[in-house]
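Mind looking over this structure? Questions follow.
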Amino acid sequence: MGTTFASRTHWRSRASRCAAAVAFAGAALAMGALPAAAASRAARHSVARKAVRSLSVAVDSTEVTPIPNGVIQLGADTGYYRRNGLNVKLVTLEGTTEAAQALASGEVDVANLDTSEALELVAQHLLTLKAVDSTGSAPDYVLVARDSIKNLSDLAGATYAGLGAGSEPNFLFGYLLARNHISSSRVHIDNVGSPLARILAVVNGQADATMVSDAQWSSLTAQQKAGLHLLLNQLQFLKAVPFQAKVNVAAASIVKKDAPAIQLFVTLTMKLSRYYYTHPNDWAAAVARQRSDLVYAALANLAHQQGFKQQWCVNGCLNRTVIARTAALLFRSGALPPGTSPVGINSWIDETFVQRALHQLGVMKGVDKP
């Protein structure tokens, strides 16, 4: 590709399924910007020393989005990785084509991708890659509906505000319909685009239901929420849609060449995820400083909700059973391009890095199962 990347680069490209997933990017929070007590606690997770290894990590959004998957951006932008011996350079991208080019060329070492995207790259033999861990185990969606929609069966004959054909929200909505024996042909899908456009379509009465993040729902004013309700809250959605949302992947050649750097990245990311899982108010404070449209109180309330807490990958979120189930669902549902053949989980999952991190840190019970 011949492109020289700065510490943070934005690749412009076509809209794709990658745009459907959200991740933290662009935050410039210093650890010292946290409340004094929080900074003191966070400091225990850092050992001041010169960064001796480097790793470029691709994420898929330039907007700071309040979900656990954003731990990578927080770790890079607060200097957490650097203080612990790893220089992480963030690159923002959009879509499968750009991810494949970046990983194949070696200009990006690790990419945070939708599981469907990673599987497509492997299944279509576009790139030999390995998933080394995950920072976003579950979709963070809620199903918002107008009060006239009392239950899922009422969606028949309704208008749904979607992102786009083939996107993760549309695919998961289709899965919900099928699981509840509702024909997709009975639901009018209006693909209006971004999360904000989708939720406003419901607020303004242009659509009857949509899927957005819990944070997007929480950001609405009381006036905007009038006449709306959650058909499925976050915890209910997680139970209704057993799905591995994200994986962090690297080209197989990078896994072999830069194994020590990837190991450090996986271990440090797991430690930081555990810190924010056990200190939800600190996470809320970090996000609030970056989003003027989100207030600390609402974020803190979100961070303490059980559905949100279950998204933290404190043990690496590389459970073979969950990932195999997700892959089977993707292949069976037709979410992947026609002609895509199933592939074995051993061909694209490398649990070595998570296992070593767990050996060092121990298993934290009650969240994701190793």
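For the residues 134, 333, what sequence is obtained by ranking on other C-beta atoms within 10 Å, fewest first? Intermediate values should be presented prior to the final figure.
Working: 134 29, 333 14.
The order, fewest Cβ neighbours first, is 333, 134.
Here's another thing I want to ask about it. Mind giving me the FRET efficiency for residue 297 and residue 240? R0 is 22 Å, r the Cβ-Cβ distance, nearest 0.05 is fine.
Values: r = 28 Å, r/R0 = 1.29.
Between residue 297 and residue 240 the formula returns 0.20.
Taking only the Cα atoms of region 327-366, how large is their convex hull per residue, in Å³?
Values: hull volume 3.9 nm³, N = 40.
Convex hull of Cα atoms, per residue: 98 Å³.
Could you order peptides 197-204, 229-236 by the average number of other Cβ atoms within 10 Å of their residues, highest first? Provide the component values of the computation, followed by the final result.
Details: 197-204: 19.6, 229-236: 17.9.
In descending order of packing, they fall as 197-204, 229-236.
Further question on the same structure: May I ask you to sort 340, 269, 92 by Cβ crowding, counting other Cβ atoms within 10 Å and putting the fewest first? Provide the component values of the computation, followed by the final result.
Values: 340 16, 269 27, 92 20.
The order, fewest Cβ neighbours first, is 340, 92, 269.
Going by how many other beta carbons lie within 10 Å of each one, how would you line up 275, 81, fewest first? Display every interim value, and only then the final one.
On the way: 275 21, 81 27.
Lowest to highest Cβ neighbour count: 275, 81.
Now for a separate question. Please give the residues of region 342-370, grouped as numeric ranges, whose backbone N is less than 14 Å from a label point set 7 Å along the Cα-to-Cβ vector of residue 324.
Answer for region 342-370: 343-349.
For region 141-240, what relative contact order do you get, as a whole percent, if you take Cα pairs closer than 8 Å and at least 6 residues apart? Numbers along the way, then the final one.
Numbers: 164 pairs, mean separation 46.2, N = 100.
It comes to 46 percent, rounded to a whole number.
Would you grab the residues whose amide H sits under 5 Å from the one on residue 243? Only those 5+ places off in sequence or on another chain, please, with H modelled 1.01 Å from N.
Those lying under 5 Å, H to H, from residue 243: there are none.
Given a Förster radius of 45 Å and the C-beta distance between residue 52 and residue 148 as r, what FRET efficiency does 1/(1 + (r/R0)^6) yield to the nearest 0.05? Walk me through the numbers on the way to the answer.
Numbers: r = 60 Å, r/R0 = 1.33.
About 0.15, to the nearest 0.05.
While we're looking at this one, here's another question. With charges set only on the Cβ (+1 for Lys and Arg, -1 for Asp and Glu), what does the dipole of region 104-221 come to about its Cα centre, in debye to the nearest 20?
Values: 6 positive and 13 negative charges, 99 e Å.
Using only the charged Cβ atoms, the result is roughly 480 debye.
Pull out the extension gain between residue 204 and residue 184, defined as 0.36 nm times the separation in residues minus the alpha carbon to alpha carbon distance; nm, one decimal. Spell out each step's value before the answer.
Working: separation 20, 0.36 × 20 = 7.20 nm, distance 2.34 nm.
Value of the extension gain: 4.9 nm.
Using the Kirkwood formula on the Cα atoms of region 141-240, what hydrodynamic radius do you get, in angstrom to one decimal?
Details: mean 1/r = 0.0761 Å⁻¹.
After inverting the pairwise mean of 1/r, the radius is 13.1 Å.
Still on this structure, please answer the following. Would you mind checking 246/271; 89/271; 271/369; 256/369 for any pair whose Cα atoms are more than 22 angstrom apart?
Numbers: 246/271 18 Å; 89/271 19 Å; 271/369 16 Å; 256/369 26 Å.
With Cα atoms farther than 22 Å apart: 256/369.
Here's something else I'd like to know. Quick one: 3J(HN,Hα) in Hz for region 250-267, Karplus 6.51/-1.76/1.60 with θ = phi - 60°, rounded, Gly and Pro as x.
Once θ is set to phi - 60°, the couplings for region 250-267 become 9, 4, 4, 5, 5, 4, 6, 6, 10, 3, x, 5, 5, 4, 5, 4, 5, 5 Hz.
While we're looking at this one, here's another question. Between residue 105 and residue 225, what is the spin-label point distance in nm, taking each point 7 Å from the Cα along the Cα→C-beta axis?
Once both label points are built, they end up 4.5 nm from each other.
With r defined as the distance between the Cβ atoms of residue 345 and residue 259 and R0 fixed at 22 Å, what FRET efficiency is calculated, to the nearest 0.05? It would help to have the intermediate numbers written out before the result.
Numbers: r = 20 Å, r/R0 = 0.93.
It comes out at approximately 0.60.
Taking H as built 1.01 Å from N, whose amide H comes closer than 5 Å to the amide H of residue 93, not counting residues under 5 places away?
Distant-sequence amide H within range of residue 93: 11, 59, 60, 61.
All of the numbers you see were taken from the coordinates with simple rules; none came from a lab. Quick caveat: nothing in here was measured; it's all calculated off a predicted structure. So basically every Cβ, Gly included, is an ideal-geometry build from the backbone, and we count neighbours across all protein chains shown.
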